[in-house]
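To keep things clear, I will list the structure first and then write my remarks on it.
The values are calculated or read from the model by the stated rules, or taken from the named source; none is laboratory data. Just so it is clear, the structure is predicted and the values come from calculations on it, not from any experiment. All Cβ positions, even for glycine, are placed from backbone atoms using ideal geometry, and neighbour counts span all protein chains on display.
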Amino acid sequence: MSLSILESKPHRIGFISTRIHGHDGVTLEAKKWCQILAEAGCQCFWMAGLLDTDPAISHLAPLAYFNHPEVV
């Protein structure tokens, strides 16, 4: 995949999920893409119901987590 489209200007990328935490497949894949995009000059941000990412670039939305008591 070519990232040449990202060369024109800085991009801000948001990853949104129910959970970005631990070592499950979705979390690892999202963090891998964040690293690739950051190397291409993008800023990455996170939003999820359960997070283990840097709070400075993250938004915790507890009701987004599928195991939250109010959701269950």
Search the range 38-49 for residues that are without any contact (Cβ under 8 Å) to a residue 12 or more places away in the chain and pair each with any residue that is in a strand (DSSP E or B) when their beta-carbon atoms are under 7 Å apart and the residues are at least 6 apart or on different chains. ALA38/CYS44
When you scan the range 19-27, do you find a residue that is over 9 Å from the mean Cα position of the chain (by Cα), among the basic types (Lys, Arg), surrounded by fewer than 15 Cβ atoms within 10 Å (Cβ to Cβ) and part of a loop (DSSP other than H, G, I, E, B), even just one? no
Would you pick out the residues in the range 54-72 that are assigned to a loop (DSSP other than H, G, I, E, B) and either touching a helix residue (DSSP H, G or I) at 6+ places or on another chain (Cβ under 8 Å) or hydrophobic (A, V, I, L, M, F, W, C) (or both)? ALA61, PHE66, HIS68, GLU70, VAL71, VAL72
Leading residue by the ranking (farthest from ARG19 (Cα to Cα)) among those in the range 49-72 that are touching a Leu at 6+ places or on another chain (Cβ under 7 Å) and not aromatic (Phe, Trp, Tyr): GLU70
Determine whether the range 33-49 contains at least one residue that is in a loop (DSSP other than H, G, I, E, B), in contact with an Asp or Glu (Cβ under 7 Å, 6 or more places away or on another chain) and modelled with pLDDT of 95 or more. no
